[in-house]
Amino acid sequence: MTHHEYDVVIVGAGGAGMRAALESSQRARTAVLTKLYPTRSHTGAAQGGMAAALANVEDDSAEWHVFDTIKGGDYLVDQDAAEILCNEAIDAVLDLEKMGLPFNRTPEGKVDQRRFGGHTRNHGEAAVRRACYSADRTGHMILQTLYQQCIKQEVEFFNEYYVLDLILDGDPQAAAPGEEVAVAGVVALELSTGEIHTFNAKAVIFATGGAGKVFKTTSNAHTLTGDGMGIALNAGLPLEDMEFFQFHPTGLAGLGILLSEAARGEGGILRNSEGERFMERYAPTIKDLAPRDMVARAMANEVREGRGAGPHQDYVLLDLTHLEPAHIDEKLPDITEFARTYLGVEPYTEPVPVYPTAHYAMGGIPTTVQGEVLRNNTDVVKGLYAAGECACVSVHGANRLGTNSLLDINVFGRRAGIAAAEYASGVDAAPAFPEDGDARIRALVDGLLATVGGTGTERVSEIRKALQETMDRNVQVFRDADSLAEATRVVAELKERFTDVAIHDRGKRFNTDLLEAIELGFLLEIAEVVVAGALAREESRGGHYREDFPTRDDERFLHHTMAYATGEGVRLDTKPVVITKYQPMERKY
Ligand SMILES: Cc1cc2nc3c(=O)[nH]c(=O)nc-3n(C[C@H](O)[C@H](O)[C@H](O)COP(=O)(O)OP(=O)(O)OC[C@H]3O[C@@H](n4cnc5c(N)ncnc54)[C@H](O)[C@@H]3O)c2cc1C
C-alpha cells in the first residue's frame, strides 16, 4: 500500500474535475485522480453546445435563461442556484475563449450561437440562439482546452487510479445535527498494478460524472457507472432526486448513440410514419425545440399509437433532408457521420431513425451552491465537495435543458475548486487517516479475487444485462406502480445474485473483470435508489412520468427527494425547493 498526502484531492478529470483543478491547484497542493485518462472522459463526447446569454446574434438576457432553466426543470430547480448558473455563464464562456477554445464564429468574429430546446426569448415567446458551440464537438473542445491548461499549470494527475471509497471522520447518519463530520481522504486502486493507494486530504472534490449505464439504451460511455454517487451512498451520504433521469429524444434507433439536439437547433424536424411534423400538436409554439422530456414523451406516444416508422413501427424520423448539405457538413459533421456509419443512412437524402435514449442524471450528490456536500438537509460534510453530473445543486430540477450541463460543469466546477482550496488553506491538517482506512476495500477486492476458480456461479455480464433490460422496460419514459414494483423486485433479486458473483481473472494488472464487478455493485445500488424514488413520487414532473399519476402535484411533491442507504434498504426523505422569483406555473410551450 502507498500513502499520499494532499491539501485537495479531486476525483475525476472530466470537465468538472479539470475546471476545479485549474482553480484549486493555484491555491493549494492538489492531486487529480481519474479512472480514465483525462481526455477520454465523457465530457469529450458532448456535441451540441454550452448555453450563455451572450446576445451575440439575437437579443437575450441572463434573466430569460434563468426563467427557461426553472421552467424547463418543471419548477424543481433551486432558483438561487439557477441564478448563479445563468449569471456566471457569460464569464464561463469567456474564460474558455481566453484559454483558446475554438468556438464557431459569426461573420464579425464573435462567438456564434445556435438554438436549443427550451431556450427562449422573453419567457417563452420564441426559440433563441443561446448555445455557444464548436461544430458538433463542443465537449471535445472543452475537454482538450481544459486539459491543455492543466498541463500548462502542472496539475498533478494520477491517471487510471480507480477511487473506491471515501473516508470520513465521523458517521454522517449517526451524527447529531450541527455535529462536525469531516472528510479524511479516499482509497484508490491503481489499475496498472492492482496496488491500493490511500490519499489523506483536507478537502476532496467528487467530479465522477453520470450513471447512464443503469439503462441498456443510453448515450453514455461504458464507464459511466455512477461510481461517485455509489461511493457517497456507501459512506452514509444521501443522493438527491435520482428518480429524475433524462431520456434524450434523438438516440440512433436501436443503438442509443446520440444525435445532438443541435440537429433540431439547425432546423431538423421530427416526423412520424405518416410524414407528419407531430411536435406541432404537442408544443405549438416551439415545436421540435420543446424541452427534452416533452419531445421524448411525444415520440414514445407516437410509437405507442401506431404512428412509428420502420418495419416494426418502433421509432420516428429525424428529417434533415431540407437542409443544405454544405450546412450539414459545417454544423453537424460528426453526428451525420454516425448515422452513416451505424445505420447506413444518408442524412442528406434520407430521414434518420431515432428513439429516446437514457442520457443524463438530473439527480446526484446534494450540494450547496459552493459545491459543499450535504449529509442531510442542512449540515455539510466539512471539506467534501461535488460538482458536475455526479452532483445535484440543483440547477436542472426535474429536467435539464440541453447545453446547461457543459455550463454546469464549468460554473460549479470552478466554484468547487475555489471553495475546496480555500477551505484546505484554512485548516491546519486533515483529520488523521484511520489505520485500517483501506480495510473495507481490501476486503472487497480480495473477496472478488478469491472467487476466481471458486464456487461463485453468477456472471457480472449477465447480471448487468438483466439490470439494464429491466430498467429499460420498467423505468424508462413511461412508468407506473406496476412497472416500478416489477423493477423493485428484479433489482432486489439481482442484488442477491450479485453476492454469488465470480470473476475469472486473478491478475493484478488492468484487471477489467474485477473493475466491472465493482462497477456493477454501484449500478445496482443506484438503480435501487432510482426505482425507490420513482415509486414514491406519485406525480409526473419533468423526466419522471407516471402513467398512473399523469399530472404534476405541487401540493404533495414540490420537494426534492433525499435517499439514504440503510441496512434495511433505501430510506427516503424530502428537502424543500428554493423558490426565489418564479412561482410554479403550468408548463406549456
Ligand atoms: C453523447 C453526449 C453528448 C452530450 N452533449 C452535451 C451538450 O452538447 N451540451 C451539454 O451541456 N451537455 C451535453 N452532454 C452532457 C455533458 O456532456 C455531461 O453531463 C458532462 O460533460 C459531465 O461532465 P463531468 O465532468 O461531470 O463528468 P465526465 O466528463 O463524465 O467525467 C467524469 C470523470 O470522472 C472519472 N471517474 C469516474 N469514476 C471514477 C472513479 N471511481 N475513480 C476515479 N475517477 C473516476 C472519469 O475518469 C472521468 O474523468 C452530453 C452527454 C453525452 C453522453
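The values are calculated or read from the model by the stated rules, or taken from the named source; none is laboratory data. Computed from a prediction, not measured in an experiment: that's the story for all the values here. Every residue, glycine among them, receives a Cβ derived from its backbone with ideal geometry; neighbour counts consider all protein chains shown. SASA here: full protein model, heavy atoms, side chains in, ligands and nucleic acids out. Shrake-Rupley method; radii C 1.70, N 1.55, O 1.52, S 1.80 Å.
A few notes on this one:
- Packing around the peptides 237-243, 547-553, 2-8, taken as the average count of other Cβ atoms within 10 Å per residue, puts them in this order, highest first: 237-243, 2-8, 547-553.
- The range 262-356: relative contact order as a whole-number percent, Cα under 8 Å and 6+ apart: 30
- In a simple Cβ point-charge model (Lys, Arg +1; Asp, Glu -1; nothing else charged), the range 451-558 has a dipole of about 460 debye relative to its Cα centre.
- Spin-label proximity, Arg304 to the range 478-516 - amide N less than 18 Å from point 7 Å beyond Cα toward beta carbon: 478-487
- Net charge of Cβ neighbours under 14 Å - reference Thr457; Lys, Arg +1; Asp, Glu -1: -2
- Lysines whose Cα lies under 29 Å from that of Lys508, excluding same-chain neighbours fewer than 8 positions away: Lys35, Lys213, Lys465, Lys495
- Scalar couplings 3J(HN,Hα) for the range 289-298, obtained by applying the Karplus form with A = 6.51, B = -1.76, C = 1.60 to θ = phi - 60°, are 9, 5, x, 4, 4, 5, 5, 4, 5, 4 Hz; x denotes Gly and Pro.
- Leading residue at positive end of dipole, the chain (Cβ point charges), from Val32, Gly364, Gln153: Gln153
- Packing, as the average of other Cβ atoms within 10 Å across residues, places the peptides 283-291, 261-269 in the order 261-269, 283-291, highest first.
- Share of carbon and sulfur in the accessible heavy-atom surface of the chain [1.4 Å probe, %]: 48
- Note on His222/Glu493: beta-carbon distance plugged into 1/(1 + (r/R0)^6) with R0 of 30 Å gives a FRET efficiency of 0.80.
- Relative contact order [Cα under 8 Å, 6+ residues apart], the chain, whole percent: 21
- Beta bridge orientation in the chain: antiparallel %, DSSP, nearest 5: 65
- Its Cα gyration tensor gives the chain an equivalent ellipsoid, and the semi-axes of that ellipsoid, as √(5λ) in whole Å with the largest first, are 36, 27, 24.
- Among Asn410, Ala174, Val11 - extreme Cα towards positive end, dipole of the chain, charges at beta-carbon: Asn410
- Take every Cα pair under 8 Å whose residues are at least 6 apart in sequence, average their separation, divide by the length of the range 451-558, and the relative contact order is 33 percent.
- Amide H partners (placed H, <5 Å) of Ile167, local residues excluded: Ala184, Gly185, Val186, Val187
- Here's the picture: charge each Lys and Arg Cβ at +1 and each Asp and Glu Cβ at -1 in the range 224-313, and of Thr225, Ser273, Leu258 the one pushed furthest to the positive end of that dipole is Ser273.
- Taking amide H positions as modeled 1.01 Å from N, with prolines and chain starts lacking one, the residues under 5 Å from Ala391 and 5 or more places away or on another chain are Ile365.
- Rg and Dmax over the alpha-carbon atoms of the range 451-558 stand at 17.0, 56 Å.
- Rounded, prolate or oblate (a/c below 1.5 giving rounded, otherwise prolate when a/b exceeds b/c) for the range 355-458 by Cα gyration tensor: oblate
- Assigned charges on the beta-carbon of Lys, Arg, Asp, Glu; the chain dipole about Cα centre (debye): 800
- Spatial separation of Cα centroids for the range 157-211 and the range 391-420, in angstrom: 21
- Here the Karplus relation 6.51 cos²θ - 1.76 cosθ + 1.60, evaluated at θ = phi - 60°, turns the backbone of the range 299-313 into coupling constants of 5, 4, 5, 4, 5, 5, 8, x, 9, x, 9, x, x, 9, 6 Hz, with x for every Gly and Pro.
- Cα-Cα pairs of the range 246-291 separated by more than 16 Å (percent): 43
- Backbone phi angles across the range 242-251, fed through the Karplus curve with coefficients 6.51, -1.76 and 1.60 (θ = phi - 60°), yield HN-Hα couplings of 6, 6, 8, 10, 8, 9, 6, x, 10, x Hz in residue order; Gly and Pro are listed as x.
- Approximating the spin labels as points 7 Å out from Cα along Cα→Cβ, the Arg442-to-Lys588 distance works out to 6.5 nm.
- Cα gyration tensor shape for the range 394-447, rounded if a/c is under 1.5, else prolate or oblate: oblate
- Between the beta carbons of Ser192 and Lys152, assuming R0 = 25 Å, the FRET efficiency works out to 0.45 to the nearest 0.05.
- In the full protein context, the chain carries 36 Å² of accessible surface per residue, based on a 1.4 Å probe and ignoring ligands, DNA and RNA.
- Here the translational diffusion coefficient of the range 22-73 follows from Stokes-Einstein with Rh set to the Kirkwood radius across Cα pairs; for 37 °C and 0.692 mPa s it amounts to 221 µm²/s.
- Over the range 262-356, the alpha carbon radius of gyration divided by the compact-protein estimate 2.2 N^0.38 Å works out to 1.03.
- Modelled FRET efficiency - R0 30 Å, Ala536 with Ala450, Cβ distances, 0.05 increments: 0.20
- Packing, as the average of other Cβ atoms within 10 Å across residues, places the peptides 192-201, 16-25 in the order 16-25, 192-201, highest first.
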